1. Can you pull out the residues in region A:538-562 that are in contact (Cβ under 8 Å) with a residue 24 or more places away in the chain and either under 25 Å from A:I661 (Cβ atoms) or part of a helix (DSSP H, G or I) (or both)?
2. Taking B:I661 as meeting all but one of (1) surrounded by fewer than 24 Cβ atoms within 10 Å (Cβ to Cβ); (2) among the aliphatic types (A, V, I, L, M); (3) under 30 Å from B:N164 (Cβ atoms), write down the number of the exception.
3. Looking at (1) farther than 24 Å from B:G523 by Cα; (2) crowded, with 24+ Cβ neighbours inside 10 Å, which is the one condition that is false for B:M606?
4. Is it the case that region A:344-352 has a residue that's buried (at least 24 other Cβ atoms within 10 Å of the Cβ) and at the interface with chain B (Cβ under 8 Å from one of its Cβ atoms)?
5. For the structure I just gave you, tell me whether B:G199 is open to solvent by less than 10 Å² (accessible area, probe 1.4 Å), in a helix (DSSP H, G or I) and farther than 27 Å from B:G468 by Cα.
6. Hey, could you check region A:514-528 for residues that are surrounded by fewer than 24 Cβ atoms within 10 Å (Cβ to Cβ) and of a type in the set (A, V, I, L, M, F, W, C) and say which is farthest from B:I473 (Cα to Cα)?
7. Would you mind finding the one in A:T33, A:T68 that is hydroxyl-bearing (S, T, Y) and not in a helix (DSSP H, G or I)?
8. Filter region B:491-537 for residues that are out of contact with any Ser or Thr (no Cβ under 9 Å at 6 or more places or on another chain), in a loop (DSSP other than H, G, I, E, B) and more than 7 Å from every other protein chain (Cβ to nearest Cβ) and give the result.
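The values are calculated or read from the model by the stated rules, or taken from the named source; none is laboratory data. The structure presented is a predicted model; accordingly, all values stated were derived computationally and were not measured. A quick note on method: Cβ atoms are made from the backbone with ideal geometry, for glycine too, and the neighbour counts reach across all protein chains shown. Just so you know, the surface numbers come from the protein's heavy atoms only, side chains and all, with ligands and any DNA or RNA stripped out. Shrake-Rupley method; radii C 1.70, N 1.55, O 1.52, S 1.80 Å.
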Number of protein chains: 2
Amino acid sequence: MQDQLLLLFPLGAGLAALVVAFFRYFWIKKQETGADRLQEIAAAIRAGAMAFLAREYKVIVLFAAAVTMVLVLGEQGYERLVAVSFLVGALMSALAGFVGMRAATQANVRTAHAAERGLVPALTVAFNGGSVMGLSVVGFGILGLSALFLVYSRVFGSEVQVLNGLVIPIISGYSMGASSIALFARVGGGIFTKGADVGADLVGKVEAGIPEDDPRNPAVIADNVGDNVGDVAGLGSDLCESYIGAIIGSVVLGGALGSFRLAILPLLIAGVGIIASIIGTFFVRTREGGHPQKALNLGSFVAAGLMLLFTYPAVFWILSPEQGLVVTPLGLFLAVLSGLVAGVLVGIITEYYTGDGKKPVLAVARSSHTGTATNIIAGIEVGMQSTGLPVIVLGLATYLAYLAAGLYGIAIAAVGMLSTVGYQVSVDAYGPIADNAGGLAEMAKLDPEVRMRTDKLDAVGNTTAAIGKGFAIGSATFTALSLFVAYEEAAGLPGIDITQPKVIVGVLMGAMLPYVFSSFVIGAVGRAAFAMIEEVRRQFRSIKGLLEGKEKPDYVACVDIATKAAIREMIIPGLSAVVIPPLVGYLGGAEMLGGLLVGAMVSAVMLALFMANAGGAWDNAKKYIEGGAYGGKGSESHKAAVVGDTVGDPFKDTAGPAMDIVIKLMSVVSLVIAPNLR
Amino acid sequence: MQDQLLLLFPLGAGLAALVVAFFRYFWIKKQETGADRLQEIAAAIRAGAMAFLAREYKVIVLFAAAVTMVLVLGEQGYERLVAVSFLVGALMSALAGFVGMRAATQANVRTAHAAERGLVPALTVAFNGGSVMGLSVVGFGILGLSALFLVYSRVFGSEVQVLNGLVIPIISGYSMGASSIALFARVGGGIFTKGADVGADLVGKVEAGIPEDDPRNPAVIADNVGDNVGDVAGLGSDLCESYIGAIIGSVVLGGALGSFRLAILPLLIAGVGIIASIIGTFFVRTREGGHPQKALNLGSFVAAGLMLLFTYPAVFWILSPEQGLVVTPLGLFLAVLSGLVAGVLVGIITEYYTGDGKKPVLAVARSSHTGTATNIIAGIEVGMQSTGLPVIVLGLATYLAYLAAGLYGIAIAAVGMLSTVGYQVSVDAYGPIADNAGGLAEMAKLDPEVRMRTDKLDAVGNTTAAIGKGFAIGSATFTALSLFVAYEEAAGLPGIDITQPKVIVGVLMGAMLPYVFSSFVIGAVGRAAFAMIEEVRRQFRSIKGLLEGKEKPDYVACVDIATKAAIREMIIPGLSAVVIPPLVGYLGGAEMLGGLLVGAMVSAVMLALFMANAGGAWDNAKKYIEGGAYGGKGSESHKAAVVGDTVGDPFKDTAGPAMDIVIKLMSVVSLVIAPNLR
């Protein structure tokens, strides 16, 4: 059998994922949408979300065109094909976000309607909606990559020299395309969602004293649109790029070990993971009265278990004819295992630091009792402390994966960690769908029982999302590491000596970038929120009868403001991650750029953990107080906790999740230009 | 002339500094102390400060004894003398803090009394008080080091082999001693001062509604004691260790270049700087009605100008007989210059981000108008953004110094930057003296005119303190870099390849440490403040007539609580910086430890800039609003700004300034154990 034909397996697995997603999508479309009022609001949200995506993608197309131009002009001969890879990667990432969001904006209203009947039908609709996103992410991601790989290696040949010299370098562009889109989608979506959220809350809840999701609030539709463009589309593109980045990192290192089979092994493992994920999604079911968490956990265990079960023989089978490799099948399996275990552990630690009822969250809640200042300080304390254990776990896992299978093992650990991402994203996307359904129920004034059911679904999603964040940051660390090693090889460096001033200056500058980036993004949320506040106040002032519920607010104006702010503000941070590596590389040399990548990586990992966990702890401390502790809703403690939560919003939903994309995008851009720095 | 005798110059300069400090101290003691009420309060503050220092030093003695034991047992033969160096370094650092604080607690009351006569006498007393600290820091620092160097090189000889093999390794212990004391003093003092400050403010100002520094507040003496133990004694030990660290770093690298003269050049440059600083302090004088800022600036320019003027010929003269060196006198002078210019630039940038009336502070003030959440977000945004330019400046300066005089040039740049630290600390310590005088005036109910004068003096001190922070963090970066390179040589590593998993794991773990350390220290301030709040509330409840001013509160109980909290909480962070490097070094090897140092360094530099500048911006935004903007004192904007300021307190005065000591202490501990890791 020709080795290249092995690529048909991930190709097939990707297609299978898309087929299942397709059927789920049409199943959702067939579900009932409930009362007219519900449909009307849902249509407004859908229209806003699609309008945003259309504008966002317009900017992205311009950006992609510019990058393509640069790549075509900057490279020679066949290497120009890197531009093709880039475009395909960008397209796949964008498609994953688009399809997933379309499904989510159909599923939200149907979940709300299903929740009128009970928890079980609501869970089914919401999860199916999420799984369209989950399976699209892995489906599109692996489909494009396998197809390119197959075509390139058929055209140029699969001899290892050709592979390392041509096929792999041009295939790296695929990751760059996916990461670029992801960064814009994450940052743009994040600014939109948090700008709208903060704006809606500050004027609506605090100034006007109307409840959350009240239809009298002009920003309420924008807020719900934000959930879709940020938490669904942004998340989808984000995880699509993590997935692709991890695979590409190992492809490069596998090629460097001189084996075609090692180069394609990550694709095969990913294919196995897709099959396991698809099966896992079928296990999410519960009886009325059962606990949705158990249903989601069961699916998760099935997916992860099958993954390990299939991977073990697969690795042995694929590597059996290969001789003289420095890695053994057992070593590779252990690397996969160490990645998976590290991801789960980081998730559990994250859950400890941000989970409802755990010590850190209780401490933040208690500190709200002595005022806002102590609440903020406590949240920052928790966030900073929470970097400790995850970094130790990741450090140990990196080292173990290295002992098990060398540098290639580190890359494979990331693939192992992300192999069941199809299932993981299904759960991640299910959360915002349930959340949106709750908002719809509120706005359409459905029975309060409905809102309670969707809240129950949403709460479950939050826990799983925390674990998902552990996987995202853990895999980003491994992936960035392997891309970094790949960069070193591609740039022809014999090593990067950190005691060299060039390198250390690079490390210093690199470590600064995530701070400045975060500052800009957090500032953008503030500016977007400010514009939103002005508009909501204007409508309250100028639209007579609005607060009495006699007149309808101008929802579209608010959506428009959030859209414009997000699009405008995403450009500088998005561009900077692409422009800085070539700048430093061409001016300061390959070694300084290497230093820059390491500095950016470690700094970004710390900030990502710090911001995500501080934000999570503030959020849940507020919820804990809303549950009645320290005076409950409306008390001074509650007010302090609301401030903490608001500060945490841009931390955990805008700047924090952008960190891991930034470092991977910078790494892969460096990888693409590395041969020119020799 | 024997080369060793050159060491008599810094020895003499150190003695000269101490003599001047001695005369200034007795000049201060001779000044009048004013009304009985004033003297009584000042005595209480002095007693509290001295009691704290006594308790703090008791713990430090235990710690020093333990470290000495370990050093004696861990080393062999003459290398055991490293314990002697350690003890002398610890003693000198402690003495600098002690003498400086004694002077400050005498000068505060006399400044308050002098301010009754006018601005000029008050400025003179306050600055003379500060200069005792400034000159003690450099005097004790250089005296001990030169004496040890002279003795060791007389005993063992000054051939370069002996120097590198024995004298320099055992002399490194001096820096370790100074850094250890500094870390305890900074952290202990920082927890005391901010715990007392936050506690006094939250209950006194917010709950009881009495003004700042009101004698009815039981925590008011503790608050003023805190200014002395934190901002004066802590600062003194801190800059003493920066100074020594920078010199030791260059001594090691100079020795490695194979020249005795290069090894002692940093001491000679420091000696030149001391003379320039002493002269500078005589230029601080103004007429009544003149601006104190101008007086301080003049002294600063004189000190820096003379320093450069003297250094140029000195470098040429000392290096003229040396042949075949890789460094040139001109190159060294340029390295000194690049260090000095970088320090000034970082100071100016710091001043921009935190200065009264500048754009960032105005933005934070404006954001207070929309509430606490936006104030906090704006401060964090400013802090994160403020890492950008300083890091670029430091990166460029590092590279220029390297081009000018190699790795040794980087170390010498730090020495250049800190050479006028005698003058710099005089100004830094003058600020808290003026601040304390203001508090005394308030408590003793002196004419409000007096408070206005001391406030004017204090405001000037704040600007200069910002620039001082620039020097502290800038020199710490250079010093940590040179200690790192010295570590590499001492550990016999041919370089530290960052693409090795061992190293990268070290970098990751290292980058995490400053976060966990900050979390702990910030938490400690919170816990100390909490204990203080409870005590103040208890006194308000149980002491009848206290709020009506009929009964006196129990000041001593509050001082005691802050003391206990600070002593207890400083132990873990203090120990961890000393224990972690050997742990990682012996378990993970010399390369992992190298990675750890780099990771810790870059992470600490970022956090130091972020925390110091966010804290500074919040502080000045509050002051700007208190000046009448956005509703002025008592408005909602003001309340929001007060919260920001309170959050910033542990940032800028406890965790932030500890960062640079942590990285240097870790580096020098690693340097001391490096030969054992070969």
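1. Matches in region A:538-562: A:Q539, A:F540, A:Y555, A:V556, A:A557, A:C558, A:V559, A:I561, A:A562.
2. (1)
3. Of the numbered conditions (1) farther than 24 Å from B:G523 by Cα; (2) crowded, with 24+ Cβ neighbours inside 10 Å, the odd one out for B:M606 is (1).
4. No, region A:344-352 contains no residue that is buried (at least 24 other Cβ atoms within 10 Å of the Cβ) and at the interface with chain B (Cβ under 8 Å from one of its Cβ atoms).
5. Numbers: open to solvent by less than 10 Å² (accessible area, probe 1.4 Å): yes; in a helix (DSSP H, G or I): yes; farther than 27 Å from B:G468 by Cα: yes.
For B:G199, the condition - open to solvent by less than 10 Å² (accessible area, probe 1.4 Å), in a helix (DSSP H, G or I) and farther than 27 Å from B:G468 by Cα - is met.
6. Restricting to residues being surrounded by fewer than 24 Cβ atoms within 10 Å (Cβ to Cβ) and of a type in the set (A, V, I, L, M, F, W, C), the top hit is A:F520.
7. On the way: A:T68 fails: not in a helix (DSSP H, G or I).
Residue meeting the stated conditions: A:T33.
8. Result: B:G492, B:P494, B:Q500.
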